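To start, the structure under review is shown below, and the notes come after it.
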Amino acid sequence: QVQLVESGGGLVQAGESLRLSCAASGRSVSSKTMGWYRQAPGKQRELVAELTPSGMINYAESVKGRFTISRDNAKSTVYLQMNSLKPEDTAIYYCWAGVGPFGYWGQGTQVTVSS
């Protein structure tokens, strides 16, 4: 089992930045892809960014150039640096760790961007 705990969400104004953190405990996540998803009210959960153990990164088109994902395997932690935030980035952000379609979810952290 893997437990994921997100932190760093909050309320910011458009154009500001936030940094989300996701700390993993339990089984090692060093061999797992880690990523961030988000779900806005009335919408499906969508991929924001993911980082494979080999270092490959995938970003949603809507966040390219603004968000940066990184991981610290020694701390079993993945980060999401979010810059130039927009109101449409408002959502609950979930951390994910796994292999292929099988993985673990965090409880989510709310990010609200006011205009």
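What the table shows:
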{"item": "FRET efficiency estimate (nearest 0.05) - Cβ-Cβ, K75 to T112, R0 25 angstrom", "result": "0.40"}
{"item": "1.4 Å probe accessible area per residue over the stretch 1-64, in Å²", "result": "57"}
{"item": "Solvent-accessible surface ranking, highest first, for M34, M56 at 1.4 angstrom", "result": "M56, M34"}
{"item": "Summed residue charge, Cβ within 13 Å of W105's Cβ, Lys/Arg positive, Asp/Glu negative", "result": "+2"}
{"item": "Summed residue charge, Cβ within 9 Å of D89's Cβ, Lys/Arg positive, Asp/Glu negative", "result": "+2"}
{"item": "Kirkwood Rh and Cα Rg combined as Rg over Rh, evaluated for the chain", "result": "0.95"}
{"item": "Simple label model, 7 Å out from Cα along Cβ direction - Q44 to M56, nm", "result": "2.2"}
{"item": "Cα-centred dipole magnitude for the chain, charges only on beta-carbon of K, R (+1) and D, E (-1), debye, nearest 20", "result": "180"}
{"item": "For the stretch 88-102, Karplus couplings with θ = phi - 60° (6.51, -1.76, 1.60), whole Hz, Gly/Pro x", "result": "6, 7, 4, 4, 8, 9, 10, 8, 9, 9, x, 10, x, x, 10"}
{"item": "Pairs of Lys in the chain closer than 21 Å at Cα, counting only those 8 or more apart or on different chains", "result": "4"}
{"item": "Hz values of 3J(HN,Hα) by residue in the stretch 71-78 - Karplus curve (6.51, -1.76, 1.60), Gly and Pro given as x", "result": "9, 10, 5, 5, 9, 6, 10, 10"}
{"item": "Net lengthening on full extension, R27/F102 (0.36 nm per residue, minus Cα-Cα)", "result": "25.6 nm"}
{"item": "Rounded percent of accessible protein surface that carbon and sulfur make up, the chain, 1.4 Å probe", "result": "50"}
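The values are calculated or read from the model by the stated rules, or taken from the named source; none is laboratory data. Keep in mind it's a predicted model, so treat the numbers as computed, not measured. Don't worry about glycine lacking a Cβ; one is built from the backbone with ideal geometry, like all the others, and counts go over all protein chains shown. Accessible surface is based on the protein model in full, side chains and every heavy atom, while ligands, DNA and RNA are left aside. Shrake-Rupley method; radii C 1.70, N 1.55, O 1.52, S 1.80 Å.
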